[in-house]
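Reviewing the structure listed below.
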Amino acid sequence: MSDSMSIISLFWQSSIVVKIVMLILLAASIVSWVIIFQRGMSLRRDRREIEDFEDHFWSGVDLNELYRELPSAQPTGAAHVFRSGFREFNRLLPKARSNDAILDGMQRAMRVALSREETRLGRHLAILATISSSAVYVGLFGTVWGIMGTFQSLGSVQQVTLGVIAPSIAEALVATAMGLFAAIPAVIAYNRLVSRVDDLMARLENFAEEFHSILHRNLQGRTSEEAA
C-alpha cells in the first residue's frame with residue numbers, strides 16, 4: 001500500500017494529462033530555482049560593485065581621472081550612471097550656451113542609464129512572477145482533471161470503498177501539491193528580489209542626484225570665476 005501511494009507510483013498511475021501537468025510544474029520549479037540563485041548572486045555582486053565605486057568616487061579622486069579609469073566595455077551600476085552623465089557633460093560643455101542646457105542634457109543621459117540599469121537588474125524576474133502566480137492554477141487544473149477521471153471510472157464500479165477511491169484522489173492531489181511546491185518559493189523569492197532591485201535603484205538614483213549637484217556646483221564656480 002505504501003509503495004502504491006508513493007509520489008513516483010502516483011505519477012506513473014495518473015493519466016497522461018496529469019503526467020504532463022506534473023512535468024510542466026517540475027520544469028517550472030527547476031527554472032524558478034535557477035533564476036533565484038542566478039539573480040540572487042548577480043544582485044549581491046551588483047551591490048558590491050556599487051559600494052566599491054561609490055567609495056572610490058567619494059575618496060576625492062579627480063572626476064576626469066575616474067572617467068579614464070573606467071573599462072572600455074560598458075560598465076554597470078553607479079559606474080554606468082557616472083560614465084553616461086559625465087560623458088554628456090563633457091560633450092556639451094564647450095557647445096552649450098547655458099549651464100542649464102548642460103545640466104539638462106546630463107540628466108537625460110543619466111535617466112537613460114538608470115532605465116537600462118533597472119531593466120538589467122530586473123532581468124528574468126517576470127518569469128519568476130509568472131511561475132509564482134500560475135503554478136498553483138496549473139496544479140489545480142491537473143487535480144480537477146484527475147478527479148474528473150476518477151469519477152468517470154467509478155461509474156462502472158458496483159461498490160465504492162475508500163480503498164478504491166483513495167489512490168485515484170491521491171494521484172489528482174499530487175498535481176496541486178507540486179503546484180504549491182513550485183509557487184511558494186517563487187513568490188517568496190520574487191518579492192525578496194524585487195525589494196533588492198528597488199533598494200539598488202534607489203541607491204543609483206541618489207547617486208545620480210548627488211553627482212548632478214556636484215557638477216552643478218562646479219559650473220556655478222566656473223561661471224563666477226569667468227564673471228570676475
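The values are calculated or read from the model by the stated rules, or taken from the named source; none is laboratory data. Just so it is clear, the structure is predicted and the values come from calculations on it, not from any experiment. Every residue, glycine among them, receives a Cβ derived from its backbone with ideal geometry; neighbour counts consider all protein chains shown.
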Evaluate segment 84-100: report whether one residue or more is surrounded by 13 or more Cβ atoms within 10 Å (Cβ to Cβ) and among the basic types (K, R).
yes
Within the bounds of segment 111-120, is there any residue that is within 12 Å of H212 (Cβ to Cβ) and surrounded by fewer than 16 Cβ atoms within 10 Å (Cβ to Cβ)?
yes
Checking S132 against (1) over 30 Å from I188 (Cβ atoms); (2) buried (at least 18 other Cβ atoms within 10 Å of the Cβ); (3) of a type in the set (S, T, Y), only one condition comes out false. Which one?
(1)
Which one is nearest to D198 (Cα to Cα), of the residues in segment 97-139 that are in contact (Cβ under 8 Å) with a residue 40 or more places away in the chain and not in a helix (DSSP H, G or I)?
G122
Any pair with Cβ under 7 angstrom, 6 or more apart, that starts in segment 167-189 at a residue that is buried (at least 22 other Cβ atoms within 10 Å of the Cβ) and ends at one that is not in a helix (DSSP H, G or I)
E171/S14
Conditions (1) under 18 Å from A202 (Cβ atoms); (2) touching an Asp or Glu at 6+ places or on another chain (Cβ under 8 Å): number failed by G105
(1)
Restrict the check to segment 173-180 and report whether at least one residue is farther than 27 Å from I50 by Cα, at pLDDT 90 or above and touching a helix residue (DSSP H, G or I) at 6+ places or on another chain (Cβ under 7 Å).
yes
